[in-house]
1. Report every pair of residues separated by at least 6 positions or lying on different chains whose Cβ atoms are under 8 Å apart, first residue within region 272-289 and farther than 16 Å from R335 by Cα, second surrounded by 14 or more Cβ atoms within 10 Å (Cβ to Cβ) and of a type outside the set (A, V, I, L, M).
2. Here are the criteria: (1) farther than 30 Å from L169 by Cα; (2) hydrophobic (A, V, I, L, M, F, W, C); (3) without any contact (Cβ under 8 Å) to a residue 40 or more places away in the chain. Tell me which single one F247 does not satisfy.
3. Just wondering, is there one or more residues in region 163-177 that are within 20 Å of L151 (Cβ to Cβ), under 18 Å from the mean Cα position of the chain (by Cα) and either β-branched (V, I, T) or open to solvent by 30 Å² or more (accessible area, probe 1.4 Å) (or both)?
4. Does any residue in region 105-119 that is touching a residue at least 60 places away in the same chain (Cβ under 8 Å) come within less than 7 Å, Cβ to Cβ, of a residue that is open to solvent by 30 Å² or more (accessible area, probe 1.4 Å) six or more places away or on a different chain, and which pairs are these?
5. For L235, work out the one condition from (1) part of a helix (DSSP H, G or I); (2) over 22 Å from A103 (Cβ atoms); (3) open to solvent by 50 Å² or more (accessible area, probe 1.4 Å) it doesn't fulfil.
6. Name the pairs whose Cβ atoms lie under 7 Å apart, with the first residue in region 86-101 and within 19 Å of G152 (Cα to Cα), the second modelled with pLDDT of 90 or more and among the aromatic types (F, W, Y), and 6 or more positions between them or separate chains?
7. Being touching a residue at least 40 places away in the same chain (Cβ under 8 Å), assigned to a loop (DSSP other than H, G, I, E, B) and not basic (K, R) is the requirement here; does G29 meet it?
8. Inside region 96-114, can you point out the residues that are open to solvent by 20 Å² or more (accessible area, probe 1.4 Å) and hydroxyl-bearing (S, T, Y)?
Amino acid sequence: MLHAKSLQPAETKPDTSMVVNCVAYGLNGHRIGDISLDAISDVLREPDTFVWVGLHEPDESLLLKLQEEFDLHDLAIEDAQSAHQRTKIEAYGDSLFIVVQTAQLVSGHLAFGETHIFLGPRYLVTVRHGASLSYAPARRYCENSPELLALGPSYGLYGVLDFVVDNLLPIVRDFREELQELEQDIFADTFKRSTVRRLYDMQRDLMTLRLAVAPLQDIISQLVRMHPHLIQDELRAYFRDVYDHVFRVNESISAMREMLAAAISVNLSLVTFGQNEVMKKLAGWAAMLAAPTLVTSWYGMNFVHMPELAQPWAYPVIIGIVACLVGGIFLGLKRAKWF
């Protein structure tokens, strides 16, 4: 773990392969061009410019270099290095440190990652860890609206958060489609252990996804209402739109969890019902077999005097009595819908 007391300017040159983008923007919101990490401080000396940096799983030396360039807080840098943070927003002076959870379907399984965001009056830094898509599409989207990007890096923050939230909706949609495909197995006559296991895995993934999404509502709400020195009034409507998207994702996740819980309950109920039907049939057959067993057991007691044994009609009469008993039991069970 990186400790605050050890945060000193990096002595070794940082690995720039972890830098996805480092772009400078001008007063009119247009892209000035790609710059090096060492040129960041030079660009920030120019008035009405800001820098947008994108990193992917940076090492300690690279984070220390950014701390030196942007004067980032020690505790924020420490959190960005550890990469195991809860979803949160922290204010450090005139800057914000935001942690959001990201999710991505990888080979049919849900993988989670983190994005750490540093927002200042003249910079935006995104740090991706784990399963997370590149924010290049969000950057291009923002660059297509230079009149809004001219308002500062907060519009870039909107683009990143909107991109993160929009990528959550297809995941919930995929879960819904998979549940529809599993309905045939859920209502099947035979029990499949794999079906219940998959339903449980889906419910577990959705629980984890909900824990990641729910706190995001509070973060977006703060950005809508607070931090006027960083979030311009013209952009608050855009953050409200992101809030609506987060709310819709959260509601979809809750609905899916209820559907999965119901599916598991229905599947187990159907299995129990099927087992009860089998037990009823077995009990019915046992009852029909018990009747002739009871009658014939009388003739295994070895009594000397059993008058009917000497009669020529005894055997067919006994056969008829047994047949009537079995037939009566069968009809009774048939009326009770045991067969």
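The values are calculated or read from the model by the stated rules, or taken from the named source; none is laboratory data. Nothing here was measured: the structure is a model prediction, and the numbers come from that model. Quick reminder, even Gly has a Cβ in these numbers, built from the backbone with ideal geometry, and neighbours come from all protein chains shown. These accessible areas exclude ligands, DNA and RNA; they are computed on the full protein's heavy atoms, side chains included. Shrake-Rupley method; radii C 1.70, N 1.55, O 1.52, S 1.80 Å.
1. Short answer, once both residue conditions are applied: G274/F191.
2. (1)
3. Among the residues of region 163-177, at least one is within 20 Å of L151 (Cβ to Cβ), under 18 Å from the mean Cα position of the chain (by Cα) and either β-branched (V, I, T) or open to solvent by 30 Å² or more (accessible area, probe 1.4 Å) (or both), which makes the answer yes.
4. Correct list of pairs: L105/D174; F112/Q101; F112/G130; F112/T208.
5. L235 satisfies every listed condition except (3).
6. Close Cβ pairs (under 7 Å, with a partner that is modelled with pLDDT of 90 or more and among the aromatic types (F, W, Y)) amount to S95/F118; F97/F118.
7. yes
8. Matches in region 96-114: S107 only.
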